[in-house]
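What follows is a set of notes on a single structure, which appears directly below.
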Amino acid sequence: MEQLYGIFVYAVFLLTMGGIYAVLTLGLNIQWGFTGLFNAGVAGFFAIGAYTTAFLTTAPSARHFGGFELPAGAGMVAAMVASALIAWGVARICIRLRSDYLAIATLGIAEIFRLVLKNETWATNGARGVSLIPKPFEHLPEPWNQVAMLLLVFAIVLVLYGLLERARRAPWGRVMSAIRENEAAARAAGKNVDKLRIEAFILGAAIMGLGGALMAHHIKFIDPNMAEPVSATFLVWVMLVIGGSANNRGAILGALLVWTIWSTTEIITTRLPTEWALKAAYLRIFLVGLALQLILQRYPGGIFRERRLRTSTTASNRGGGSHP
Amino acid sequence: MDTNPDRTVSGAAAPPILAVEALTRSFGGLTAVDRCSFRVDAGRITGIIGPNGAGKTTIFNMVAGALPPSSGRILFDGDDVSSLPTHELFHRGIVRTFQIPHEFGRLTVLENLMVVPTSQPGERLWRVWTSPARVRRREREVWERAEDTLRFLTLWDLRDELATNLSGGQKKLLELGRAMMTEPRLVLLDEPGAGVNPTLLVKLRDMIRQLNQRRGYTFVIIEHDMDLIASLCERVIVLAEGSVLTEGTMDAVRRDPRVIDAYLGGGGEGGAAHGG
């Protein structure tokens, strides 16, 4: 019985983390999947969101900046706003870069953020991080506080999914995909490509900021290591590519799937003897890479492919939204 | 300048819809377009011919706002539009097609056209989420226009196909279709006939003519197919080495020894390239 309970709590924790990664993946899907923006700095926006809410919602502390004891909801909204503002600044500088250069620039900017967070000890408590971040529903008894958090995360994923699906099927999604497919032709079709790309970049970054804020509240702790390129950027990219780029359902499925693989392999590696455990940490990265290879061999466009408007299915309501 | 200021074919009163004045563009040490000047009359089909490297596409790129001129002016309908961005020129009515088709590959053929029209409330995220009825209404209009266009282009049966799967010729038709999705005042066609099979080429020619006569589109066409130019254009501008060599009717231009010279690189060993 006790063991079953343990598995239940573990499953709730696993799904909550998977849901938070789904938020991050949905954000990246707007940028890469819809619009073709190669953002290799997911971790940066994740960190901005996490630290913003951490500063705003914790109790005052001598160790770090902030401590305004705001409610978690306000922290999450502020996290989205902060990420959006910084994304606007980043986009102003590098949105016109070709995709590979955009990747280099965003990766570099995210690393700058991480190093600032690590070294500006007076504000961020450096590598020791910010702790005692309040978690929604933590006053509820175990395990209901965990279950409530899971439900909150899934409600957020569901709302985002609904909004982004509508955006994707609307002319908005169509024009973003047109930019992804052929920038010159989109310009020749009268589209203000730079403005639209900036819009997609900001929206995606705001959602990544929300993901970071959720993570901070869920773990109750944030440090610069959580914004490492491998655990934040790389993993989110793998999730999107495996699940299916440009498909919102694919983004969510990919996040849950890859997080489950990533997380359950950790159970095995932590039980190995110490000298092996250290090496096994790298084996996990290898295993995720292998999974990526195998899945892309079988499903080149990811598990769920991109779907486009087909008139045969919309013949009865012509033009009534591009439902695939 | 070789541009003939006292040309009075269509009544001297009508100002040209497009006037290019001493337009110049250099790339490093190479001057691709060199103080080039010409005018285009509204409602007509004007051809631009010239050997490879004469600067034809570079001029199109500048007129369409894809490339800023090094110097000189572009007047559209009397306004100086030099260096305006492409999307603003589009809103003023300048639409261009590409020599190598630029389709939206992983969008369907229908979507390729539905992207184009302006003032689509559904392109604003806020409207998508707050006034879906308005978005849907406009979307229906856009759909109908795209359907009409695809039927005209005889591509309606391919509407659900991803554009990347079309043949080269069909992609050329789609390029023309993009221009038809707005109210263009000047359509720049960059080698519409290149890579198009002879049967389709006849169709394409008839379509261009119909659009000019029935809808009053003004065309400027870059083309190497002299028969296509001869059958469509009353007036032809010949470019060589970045500036206007001569202009006139296709017949007059064909007989001009300087034109033959330009095409044959100054060798002058016969006019075989011109088939006439």
Original post:
Counting partner chain Cβ atoms within 10 Å of every residue's Cβ in B:156-164, what's the average?
Top reply: 2
Original post:
How many percent of Cα pairs in chain A exceed 33 Å?
Top reply: 27 percent
**OP:** Output the peptides A:149-155, A:14-20, B:106-112 sorted from most to least packed, where packing is the average of other Cβ atoms within 10 Å over each peptide's residues.
**Re:** B:106-112, A:14-20, A:149-155
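Once R0 is set to 25 Å, what does the formula 1/(1 + (r/R0)^6) return for the Cβ-Cβ distance between A:Glu142 and A:Ile267, expressed as a FRET efficiency to the nearest 0.05? Please report the intermediate quantities before stating the final value.
Values: r = 21 Å, r/R0 = 0.83.
E(calc), rounded to 0.05, equals 0.75.
For chain A, what are the DSSP H helices with axial Cα length of 24 Å or more and mean Kyte-Doolittle hydropathy of at least 1.0?
For chain A, where a helix must reach 24 Å along its axis and average at least 1.0, the hits are A:2-28, A:72-94, A:144-169, A:193-219.
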Original post:
B:Lys56: which aspartates and glutamates have alpha carbons under 16 Å from its alpha carbon, excluding same-chain residues fewer than 8 sequence positions away?
Top reply: B:Glu21, B:Asp34, B:Asp190, B:Glu191, B:Glu223, B:Asp225, B:Glu241, B:Glu247
**OP:** Would you please put B:203-209, A:37-43 in order of how densely packed they are, using the mean number of other Cβ atoms within 10 angstrom per residue and starting with the highest?
**Re:** A:37-43, B:203-209
Original post:
Please report, for the Cα atoms of the protein assembly as shown, the Rg to one decimal and the Dmax as a whole number; what are they, in angstrom?
Top reply: 29.5, 100
Original post:
Can you work out the FRET efficiency for the pair B:Glu234 and A:Leu296, with r the C-beta to C-beta distance and R0 = 56 Å, to the nearest 0.05?
Top reply: 0.50
**OP:** Determine the shielding of peptide B:115-124 by partner chains: average, over its residues, the number of Cβ atoms on other chains within 10 angstrom of each Cβ.
**Re:** 6
**OP:** Can you tell me the relative contact order of chain A? Whole percent, Cα pairs under 8 Å, sequence separation 6 or more.
**Re:** 30 percent
Original post:
Using a simple spin-label model with points 7 Å from Cα along the Cα→Cβ vector, what separation in nm is obtained for A:Ala62 and A:Arg249?
Top reply: 5.6 nm
Original post:
Suppose every K and R has +1 on its Cβ and every D and E has -1 on its Cβ; what is the size of the dipole of the protein assembly as shown about the Cα centre, in Debye to the nearest 20?
Top reply: 1200 debye
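State the percentage of accessible surface on chain B attributable to carbon and sulfur atoms; use a 1.4 Å probe and exclude ligands, DNA and RNA.
The computed percentage sits at 48.
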**OP:** Compute the semi-axes of the equivalent ellipsoid of chain B, taking the square root of 5 times each eigenvalue of the Cα gyration tensor, and list them largest first in whole Å.
**Re:** 34, 22, 17
Subject >> Where Rh is the Kirkwood radius over Cα pairs, Rg/Rh for the stretch A:121-198 >> reply: 1.27
**OP:** Using Cα centres only, tell me the gap between the stretch A:48-88 and the stretch A:209-255 in whole Å.
**Re:** 19 Å
Original post:
If one takes the accessible area of chain B alone plus chain A alone and subtracts that of the pair, with a 1.4 Å probe, what total in Å², rounded to the nearest 100, results?
Top reply: 3400 Å²
Subject >> Cβ crowding within 10 Å averaged over residues, with B:32-42, A:107-117 ranked highest first >> reply: B:32-42, A:107-117
**OP:** Tally up the carbon and sulfur contribution to the accessible surface of the stretch A:103-144 as a whole percent, 1.4 Å probe, everything protein left in place.
**Re:** 71 percent
Original post:
Just the Cα atoms of the stretch A:70-211: what Rg and Dmax do they give in Å?
Top reply: 18.9, 60
**OP:** Determine the relative contact order of the stretch A:1-95: mean sequence separation of Cα pairs under 8 Å and six or more apart, normalised by residue count, in whole percent.
**Re:** 18 percent
**OP:** Report, in degrees rounded to the nearest 10, the 0 to 90 angle that the Cα long axis of helix B:132-152 makes with the longest principal axis of chain B.
**Re:** 40 degrees
Original post:
Per residue, what accessible area does the protein assembly as shown have, given a 1.4 Å probe and all protein chains present, in Å²?
Top reply: 44 Å²
Subject >> Diffusion coefficient, µm² s⁻¹, Stokes-Einstein with Kirkwood Rh over alpha-carbon pairs of the stretch A:10-94 at 20 °C and 1.002 mPa s >> reply: 150 µm²/s
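The values are calculated or read from the model by the stated rules, or taken from the named source; none is laboratory data. Owing to the predicted nature of the structure, the values given are computational and were not obtained by experimental measurement. For neighbour counting, all protein chains shown are included, and Cβ atoms are generated from backbone atoms with ideal geometry for every residue, glycine included. Ligands, DNA and RNA are stripped out before the accessible areas are found, and what is left, the full protein with its side chains, is counted by its heavy atoms. Shrake-Rupley method; radii C 1.70, N 1.55, O 1.52, S 1.80 Å.
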